[in-house]
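Student: After the structure tokens below, expect a handful of questions from me.
The values are calculated or read from the model by the stated rules, or taken from the named source; none is laboratory data. Since we're looking at a predicted model, the values are computed, not measured. Glycine gets a Cβ as well: all are built from the backbone with ideal geometry, and neighbour counts include every protein chain shown. Only protein heavy atoms, including side chains, enter the accessible area calculation; ligands, DNA and RNA are left aside. Shrake-Rupley method; radii C 1.70, N 1.55, O 1.52, S 1.80 Å.
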Amino acid sequence: MKLFPVVAGIALAVAGITRAADSGETRILKWKDGKEAVFLLAFDDSCPTHLDKAIPELAKRGLVGNFYVNPGKGAFPPRSAEWKKAARSPVVALQNHTFTHKGATTAPELDEELARCNDALKDFFPDPKWPRLIAFGKPGGVPWEVPADQVDQLLAKHHLFHRPMFHGPPFHQKSVAECLATIDQALADGTMGHIDFHGVGGDWHVTPMDWYLAILDRLVEKKDRLWIADNVHYHQYLTERESAAAKVIKASGDGIQLSLTCQADPALYDFPLTLETSVPGGWEQCQIEQGGKVTTAPVTNGVVRYEARPGPETIHLKRK
Ligand SMILES: [Zn+2]
């Protein structure tokens, strides 16, 4: 099998051979599935209306929401079994909002709040993987006196990371039009946008139900262009992509081998990236194999789009 290093294109161009792209030339897409932007929905404080109203509407539309819960606070314990059941749904991603939402004045106090929330959540995830990354939303309106560097150290200890700073109705967006504009802005910028809720159609800091439904319907309308994400997956994708490199190990007329590496810890950062690789002319279907997992994807204009995980496992592309 002939070796084709990544620079082969330059040599071929010098030799006067023209081709659209070299076999194996690989692009890591900005967002999953080639979407133009990302959107995160967050729901704070384990409000009863999340179970009663917000989640059923997400489920109807197949949109994921991030639920920043307090397993040790009033509203959660009486409905713990319902939260556990809800967490089995692909539209519910549970995240850490501390155990009791009382705030923290010392590092040991915060350590305990984070640990107890994680411990409570551990049983709720359908996938038993542990440790795992969980997004952290700082509770608002309560004492918070731990220095930022100590907060960061404790988050790292518990495999937590900061979510984007709270931004949501009725505080920041004062009308449904302002909520919808947040979605449109994310798409216009090609970046991550988010709306953060408390009560939905009831409870506290309420977002009216008609606003909420209009937001969800706008997301559905834009779903082809917008990745509506679990905050953990967004964080993994972004972190992996920032240091990811795809290299051709070998390429020939009937097969391509690639490596995909990144600097993030593969034990925690194991979310697949979306890649596009140029394949030899005449390929119509491509078989993709990595770590024993085999998928097939169509070839469009000499390029195949597929998912692969950064790490030690070689990616094998074959004509199908
Ligand atoms: Zn809160």
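Student: Determine the relative contact order of the chain: mean sequence separation of Cα pairs under 8 Å and six or more apart, normalised by residue count, in whole percent.
Tutor: Over the chain, the number comes to 23 percent.
Student: So what is the relative contact order for segment 36-224, in percent, with contacts set as C-alpha pairs under 8 Å and at least six apart?
Tutor: 27
Student: Mind ordering 173-182, 203-212 by average Cβ neighbours within 10 Å, highest first?
Tutor: 203-212, 173-182
Student: Related question: Could you report segment 36-224's accessible area per residue, 1.4 Å probe, as an integer in Å²?
Tutor: About 42 Å² of surface per residue is accessible.
Student: Can you give the calculated 222 nm mean residue ellipticity of the chain, where each DSSP H run of n ≥ 4 adds -39,500 (n - 2.57) and the sum is split over every residue, rounded to the nearest 500 deg cm²/dmol?
Tutor: Taking each H run of at least 4 residues, the total per residue is -8000 deg cm²/dmol.
Student: Further question on the same structure: Taking the highest mean first, how do the peptides 133-140, 306-313 order by number of other beta carbon atoms within 10 angstrom per residue?
Tutor: Going from most to least packed, we get 133-140, 306-313.
Student: Another question, if that's okay. Over what distance in Å are the Cα centres of segment 78-111 and segment 151-208 separated?
Tutor: 17
Student: So in the chain, what percent of DSSP beta bridges are antiparallel if you round to the nearest 5?
Tutor: 60
Student: Tell me, what % of the accessible area of segment 36-224 is carbon and sulfur with a 1.4 angstrom probe?
Tutor: 56
Student: Treating cross-link reach as a plain straight distance, find the lysines whose alpha-carbon is under 22 Å from the alpha-carbon of LYS318, omitting any fewer than eight places away in the same chain.
Tutor: LYS2, LYS247, LYS250, LYS293
Student: Around LEU273, with a cut-off of 15 angstrom between Cβ atoms, what is the net charge of the other residues, counting Lys and Arg +1 and Asp and Glu -1?
Tutor: +2
Student: Of LYS60/LYS85; LYS73/LYS122; LYS85/LYS222; LYS85/LYS129; LYS32/LYS174, which ones are farther than 23 Å apart at the Cα?
Tutor: Over 23 Å apart, Cα to Cα: LYS85/LYS222; LYS32/LYS174.
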